[in-house]
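Trainee: Encoded as structure tokens, here's the structure I'll be asking about.
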Amino acid sequence: MQVQLLKSKIHRARVTASNVDYEGSLAIDQDLMDRVGLFPYEKILCGNMSNGERFETYAIPAPRGSRAIVLNGATAHLGKPGDRLTIMSYTWVDKLKARKWKPRVVVLGAQNEIVDARGL
């Protein structure tokens, strides 16, 4: 049997821009994606801490070191620059490994800099 567990989490990511005319997705600084093990086009669940919205989309890489978090397409209507997001992805893990599973988590500060990291 397998269980679905948290794989990657970027907590308190500050939205830096939005672009309703883009076809969709959430752009995330490639350095942050690498740090938590997110792949380009991977499905993600986002919770907007500022307004309570929750939405699914996929991650695309923003330029390395940009600290960019950009709402694209329809998701641009679910937040605005300055909002704080929790960005999560999940994976299936065999139940024998599930008890020792550790997700890769980063917590970001005011400028989307990493202030805490776990499971890396």
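We did not get these values from a lab; they are worked out from the coordinates using the rules stated. This is a predicted model, so every value here is computed, not measured. Note: ideal-geometry Cβ built from the backbone for every residue, glycine included; neighbour counts use all protein chains shown.
Trainee: Taking into account only those residues within segment 23-40 that are assigned to a loop (DSSP other than H, G, I, E, B) and without any contact (Cβ under 8 Å) to a residue 40 or more places away in the chain, which is nearest to LEU120 (Cα to Cα)?
Mentor: PHE39
Trainee: Here's something else I'd like to know. Six or more apart or on different chains, Cβ under 8 Å: which pairs go from a residue in segment 80-100 that's on the phi > 0 side of the Ramachandran plot to one that's hydrophobic (A, V, I, L, M, F, W, C) and surrounded by 10 or more Cβ atoms within 10 Å (Cβ to Cβ)? Could you list them?
Mentor: Once the first residue is on the phi > 0 side of the Ramachandran plot and sits in segment 80-100, its partners that are hydrophobic (A, V, I, L, M, F, W, C) and surrounded by 10 or more Cβ atoms within 10 Å (Cβ to Cβ) give GLY82/VAL15.
Trainee: A follow-up question, please. Name, by its number, the condition in (1) free of Cβ contacts under 8 Å to residues at least 60 places away in the same chain; (2) closer than 18 Å to GLY52 by Cβ that does not hold for ASN72.
Mentor: So the condition that ASN72 fails would be (2).
Trainee: Output the residue which, of all residues in segment 87-102 that are surrounded by fewer than 18 Cβ atoms within 10 Å (Cβ to Cβ) and in contact with a Lys or Arg (Cβ under 6 Å, 6 or more places away or on another chain), is nearest to ILE60 (Cα to Cα).
Mentor: Residue satisfying both the conditions and the ranking: TYR90.
Trainee: Quick one: what pairs do we get from segment 42-65, first residue outside any strand (DSSP E or B), second exposed (fewer than 11 other Cβ atoms within 10 Å of the Cβ), C-beta under 9 Å, 6+ apart or different chains?
Mentor: Qualifying pairs under 9 Å: SER50/GLY82.
Trainee: Next question, about the same structure. Take the residues in segment 72-86 that are under 22 Å from ARG35 (Cα atoms) and touching a Cys at 6+ places or on another chain (Cβ under 9 Å); name whichever of them is surrounded by the most Cβ atoms within 10 Å (Cβ to Cβ).
Mentor: By that ranking, first place goes to LEU85.
Trainee: Considering only residues of segment 1-22 that are in a loop (DSSP other than H, G, I, E, B) and in contact with a strand residue (DSSP E or B) (Cβ under 7 Å, 6 or more places away or on another chain), which is surrounded by the fewest Cβ atoms within 10 Å (Cβ to Cβ)?
Mentor: The extreme case among them is TYR22.
Trainee: Could you list, in sequence order, all residues of segment 51-68 that are of a type in the set (Ser, Thr, Tyr), touching a helix residue (DSSP H, G or I) at 6+ places or on another chain (Cβ under 6 Å) and farther than 18 Å from TYR41 by Cα?
Mentor: none
Trainee: Please go through segment 23-41 and give me each residue that is within 21 Å of LEU78 (Cα to Cα) and surrounded by fewer than 16 Cβ atoms within 10 Å (Cβ to Cβ), ordered by number.
Mentor: GLU23, GLY24, TYR41
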